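A.B. asks: Quick one: this structure, given as structure tokens, is what I'll be asking you about.
The values are calculated or read from the model by the stated rules, or taken from the named source; none is laboratory data. Worth saying up front: this structure is predicted, and the values here are computed from it rather than measured. So basically every Cβ, Gly included, is an ideal-geometry build from the backbone, and we count neighbours across all protein chains shown.
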Amino acid sequence: MLKVVVVVGIPGVGKSTVLSIASRKLAERGYTVRVVNFGDYMLEHLKRAGVVETRDQIRALSLSAQLEAQRAAARSIRAELESASGDRVVGIVDTHAVVRTSLGYWPGLPSAVLEELRPNAIAVLEAEPDEIVSRQSRDSSRYRADVSPREVVDEMLQLSRYYAIASSVVSGAALRFIRNREGLAERAAEELVEVVERI
Ligand code: ATP
Ligand code: AMP
Ligand code: MG
């Protein structure tokens, strides 16, 4: 049986960090684990089209370009998850409930995406706004000037919950809020493992 968990949270909250730990923990428990980053799939699609070079340029593209890449990513991800063989397979999708585009806020998990991914659960990773601002500023590998002012972080934390609730209703997936406390990514990963075990 394939279990699918979608993990969302605002930029810099620690999704990719927590998922690399959770992946190891799930493998130790005998799961075949596929962690896929939705942005990687969009980036691959858009790089091939020659319209971006880095992942942080994606949200500045026209909405129609992002929409096309979003659909393509969702299809490829489901195919990738289904290609894994074994009787205890878990697919974890690292993504966003809401994206701050140059036009305005936009859903990361609209019904077309949810129909492809068919998640059993959606986990919203959260942290204190000040912790997120400081994580974003410490992470020099990313461009986050458009999402790091404190008032934007506050707004996105709220919106991320609301958009995730809407996606839970549309897909029938369970919803869980997980705190990624400073220095305690391991604990957040354990909570995520528990979510997988209870599906
Ligand atoms: P994006 O959506 O932009 O990809 P993300 O949610 O994947 O962001 P990460 O890249 O995992 O975020 O983490 C952002 C930064 O915060 C990294 O430098 C990471 O090391 C740090 N970080 C993550 N979790 C914690 C934690 N619990 N305590 C302290 N630092 C953390
Ligand atoms: P990330 O590395 O998670 O920040 O992803 C890189 C970029 O991919 C994000 O900044 C968004 O522009 C885009 N992205 C990721 N997931 C989604 C999604 N579900 N829908 C639309 N865009 C997304
Ligand atoms: Mg990430």
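A.B. asks: Can you give me the ranges of the strands (runs of 3 or more DSSP E) entirely in region 73-112 with at least 3 residues that are surrounded by 20 or more Cβ atoms within 10 Å (Cβ to Cβ)?
C.D. replies: Those strands (runs of 3 or more DSSP E) span 89-94.
A.B. asks: Related question: Mind checking whether some residue in region 137-154 is closer than 30 Å to L81 by Cα, in contact with an Asp or Glu (Cβ under 8 Å, 6 or more places away or on another chain) and aliphatic (A, V, I, L, M)?
C.D. replies: No, region 137-154 has no match at all.
A.B. asks: Just to be sure I understand the filter: pairs with C-beta atoms under 7 Å, separated by 6 or more residues or on different chains, first member in region 16-36 and closer than 10 Å to V90 by Cβ and away from ligand 1 (no atom under 13 Å from the Cβ), second member in a helix (DSSP H, G or I) and not basic (K, R). Which pairs pass?
C.D. replies: Pairs found: L26/V193; L26/V196; V33/S23; V33/L26; V33/A27; R34/E80; R34/L81.
A.B. asks: Can you find a residue in region 58-65 that is in contact with a strand residue (DSSP E or B) (Cβ under 9 Å, 6 or more places away or on another chain) and either under 30 Å from K3 (Cβ atoms) or small (G, A, S) (or both)?
C.D. replies: Yes.
A.B. asks: Pairs only if they're at least six apart or on different chains, beta carbon under 8 angstrom, first in region 98-116 and farther than 23 Å from V152 by Cβ, second surrounded by 18 or more Cβ atoms within 10 Å (Cβ to Cβ) and among the basic types (K, R); list them, first residue then second.
C.D. replies: E116/R78
A.B. asks: Name the helices (runs of 4 or more DSSP H) wholly inside region 128-199 in which the number of residues that are among the basic types (K, R), free of Cβ contacts under 8 Å to residues at least 12 places away in the same chain and within 30 Å of E28 (Cα to Cα) is 2 or more.
C.D. replies: Fully inside region 128-199 and qualifying: 185-198.
A.B. asks: Run down E44, E28, E53 and say which single residue is surrounded by fewer than 19 Cβ atoms within 10 Å (Cβ to Cβ) and within 18 Å of the chain's Cα centre (by Cα).
C.D. replies: E44 is the lone residue from the list that is surrounded by fewer than 19 Cβ atoms within 10 Å (Cβ to Cβ) and within 18 Å of the chain's Cα centre (by Cα).
A.B. asks: Between a first residue in region 63-74 that is modelled with pLDDT of 95 or more and a second residue that is among the charged types (D, E, K, R), which pairs have beta carbons less than 6 Å apart while being 6 or more apart in sequence or on different chains?
C.D. replies: A74/E116
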